[in-house]
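The values are calculated or read from the model by the stated rules, or taken from the named source; none is laboratory data. From a predicted model like this one, the values you see are computed outputs, not experimental measurements. In this analysis, Cβ positions are derived from the backbone assuming ideal geometry, glycine residues included, and neighbour counts consider all displayed protein chains.
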């Protein structure tokens, strides 16, 4: 199996964009607007399933690559992890969006308010959430699998940071390429993403640990 992150990004982008545009349509300059709680709930719904699938597929893929006895059993915590992550992101999006909408009201007029909102509820924001959270899900799923491989398959799984090594790689991630986890700075200790829109990944380098019982 290989992870089709582009498909996941497109699905999440489309789902988040629908929520954003629907919420945008509820506002006017005079103070009317939709339910922020409903907005938050819809973001959770948009994120939960695709994040769980990406986490599960990433864990299973890593387990399969390194010949785990039961690769299909990996990623069992996907739903619980994705639910918690989706709620955290939804709460953050709600808080940030509320502030931005109120700021837009304060600096606009009834005639310009809708234009201000287009800078808040748009595709680029949906895409940023999608790219970032798919990367988060891949890293989390692989870390789950790596720990289990170490526990069950007598492997030492060394994490190495990988970039795309192209012109789009940012100044933050470029010097990280090829570095093992022991050399990652504290701020990036959890692995990719290093920042919003980050598509970096972990390369896992396993070492077989001798079984003392077999000696």
> Of the numbered conditions (1) modelled with pLDDT under 95; (2) within 19 Å of residue 39 (Cβ to Cβ), residue 123 satisfies every one except a single condition; which is it?
Replying inline: (1)
> Taking the stretch 176-194 as the region of interest, how many residues are surrounded by 12 or more Cβ atoms within 10 Å (Cβ to Cβ) and at negative phi?
Replying inline: 11
>> Looking at 86, 68, can you tell me which residue is surrounded by 16 or more Cβ atoms within 10 Å (Cβ to Cβ), assigned to a helix (DSSP H, G or I) and either in contact (Cβ under 8 Å) with a residue 40 or more places away in the chain or in contact with a helix residue (DSSP H, G or I) (Cβ under 8 Å, 6 or more places away or on another chain) (or both)?
In response: 86
> residue 104 versus (1) assigned to a loop (DSSP other than H, G, I, E, B); (2) more than 22 Å from the chain's Cα centre (by Cα): which is the lone unmet condition?
Replying inline: (1)
> So is residue 53 free of Cβ contacts under 8 Å to residues at least 60 places away in the same chain and either part of a loop (DSSP other than H, G, I, E, B) or out of contact with any strand residue (DSSP E or B) (no Cβ under 8 Å at 6 or more places or on another chain) (or both) or not?
Replying inline: yes
